[in-house]
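Accompanying notes for the structure given below.
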Amino acid sequence: MFFTKYFSIAEMKAWSLDQRQKGKTIGFVPTMGALHEGHLSLVRIARQHSDTVVVSIFVNPLQFAPHEDLDRYPKTLEKDVELLKKEGVAVVFIPKASEMYSPHFQTVVEVTELSKHLCGNSRPGHFRGVATVVLKLFQIVNPHIAIFGDKDFQQRLVIARLVKDLGLEIKILAGPIVREADGLAMSSRNQYLSLDERKRACVLYEALTKALTMFQSGERNSARIIMKVSEMIDKVSPTHVDYMKICDAETLEEVWSIQKKAILAVAVYFNKTRLIDNVILSHPERSEGSV
Ligand code: AMP
């Protein structure tokens, strides 16, 4: 059984209810499309943990600021559907923006503290848009589990918090970052990069790997790690370094000395393309898997 964009919200809800009545568990992977191996890895995790998998493709206007790339966000719908078919996905849910947001739409949800840091600081309102659309999608798809990638680590924390705070009966699972052969984290936005920018962008992974090595060799001083990472990234002359921070991996508060699980997160512009990446700095024995 395979359904695509033809599902209305009402039909999607009815399908999920039917699956639940049949005793099937539903795994859900929300995406914005232009799919790559990173997305597909989440689908595989969903398949391992549920009877049937729903993937949504929705470029959510609510999470883009007016100057951002909403209009030029890559769209490869037919290819996406083919890829998902091969992965055994049961439903590809592709709602229309007009169906998700009526002209009088005015209700939003906000995860106040976690949304302040990192990307939330540089993209005000972004996580309000993310939390609102994910909550709406959860209401429609009604999944038992939902999978989010650690590429967007802050997003996963925001959603896990939302689920806890609102008492939703959904288990949030994490998928590790999937990378290109040269280490660049896969992203739908990588296709904006010119050949030259694409080559220079691998420095992010090299710098994060260096940071991890420093941490593993006993370095606990955030400033010294950041200085090294900054030096490496500066060498390829990115257009702008948006942020480069070591934060507590639960609260996302910046930490100056790494005493518990932390995340080194970076956001860098190459021309107009904003790339994000991160690495977890923690003792292996203390590291946690899914939220
Ligand atoms: P997006 O389509 O960019 O909104 O991403 C949809 C989901 O795929 C999110 O949970 C992302 O964190 C995840 N994702 C995107 N890129 C990667 C990647 N390289 N590795 C793992 N997960 C990813």
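The values are calculated or read from the model by the stated rules, or taken from the named source; none is laboratory data. Remember, predicted model here, so these are calculated numbers, not experimental data. Positions of Cβ are backbone-derived with ideal geometry, glycine not excepted, and every protein chain shown enters the neighbour counts. Calculation scope for accessible area: heavy atoms of the full protein, side chains included, ligands and nucleic acids excluded. Shrake-Rupley method; radii C 1.70, N 1.55, O 1.52, S 1.80 Å.
Looking across the stretch 40-77 at every residue that is within 13 Å of the ligand (Cβ to nearest atom) and among the small types (Gly, Ala, Ser), the one that is surrounded by the fewest Cβ atoms within 10 Å (Cβ to Cβ) is identified as Ser41. Apart from one condition, Ile159 fits all of (1) within 16 Å of the ligand (Cβ to nearest atom); (2) surrounded by fewer than 19 Cβ atoms within 10 Å (Cβ to Cβ); the exception is (2).
So for the stretch 229-240 (the condition being buried (at least 16 other Cβ atoms within 10 Å of the Cβ), in contact with a Phe, Trp or Tyr (Cβ under 8 Å, 6 or more places away or on another chain), without any contact (Cβ under 8 Å) to a residue 40 or more places away in the chain and not in a strand (DSSP E or B)), does at least one residue qualify?
Taking the stretch 229-240 as the starting set, the residues that turn out to be buried (at least 16 other Cβ atoms within 10 Å of the Cβ) are 229, 232-233, 236, 238.
Filter once more, so that each one left must be in contact with a Phe, Trp or Tyr (Cβ under 8 Å, 6 or more places away or on another chain): 238.
With without any contact (Cβ under 8 Å) to a residue 40 or more places away in the chain added as a condition, the list becomes 238.
Restricting the remaining residues to those that are not in a strand (DSSP E or B) gives 238.
Yes.
Scanning the stretch 33-43 for residues that are in contact with a Phe, Trp or Tyr (Cβ under 7 Å, 6 or more places away or on another chain) and in a helix (DSSP H, G or I) turns up nothing. Pairs linking a residue in the stretch 30-44 that is assigned by TED's automatic domain parsing to the domain that holds Leu84 and basic (Lys, Arg) to a residue that is open to solvent by 10 Å² or more (accessible area, probe 1.4 Å) and more than 6 Å from the ligand (Cβ to nearest atom), with Cβ atoms under 8 Å and 6 or more positions apart or on different chains, are Arg44/Glu87. Can you find even one residue in the stretch 80-101 that is open to solvent by 60 Å² or more (accessible area, probe 1.4 Å) and assigned to a loop (DSSP other than H, G, I, E, B)? Yes, the stretch 80-101 contains at least one residue that is open to solvent by 60 Å² or more (accessible area, probe 1.4 Å) and assigned to a loop (DSSP other than H, G, I, E, B). When the stretch 162-182 is filtered for residues that are more than 13 Å from the ligand (Cβ to nearest atom) and in contact with a helix residue (DSSP H, G or I) (Cβ under 7 Å, 6 or more places away or on another chain), the ones remaining, listed by number, are Leu162, Leu168, Ile170. Every condition in (1) open to solvent by less than 10 Å² (accessible area, probe 1.4 Å); (2) within 16 Å of the ligand (Cβ to nearest atom) is met by Ile145 except one, and the failing one is (1). Scanning the stretch 8-39 for residues that are more than 9 Å from the ligand (Cβ to nearest atom) and surrounded by 20 or more Cβ atoms within 10 Å (Cβ to Cβ), we see that the one that is farthest from Gln191 (Cα to Cα) is Gln19.
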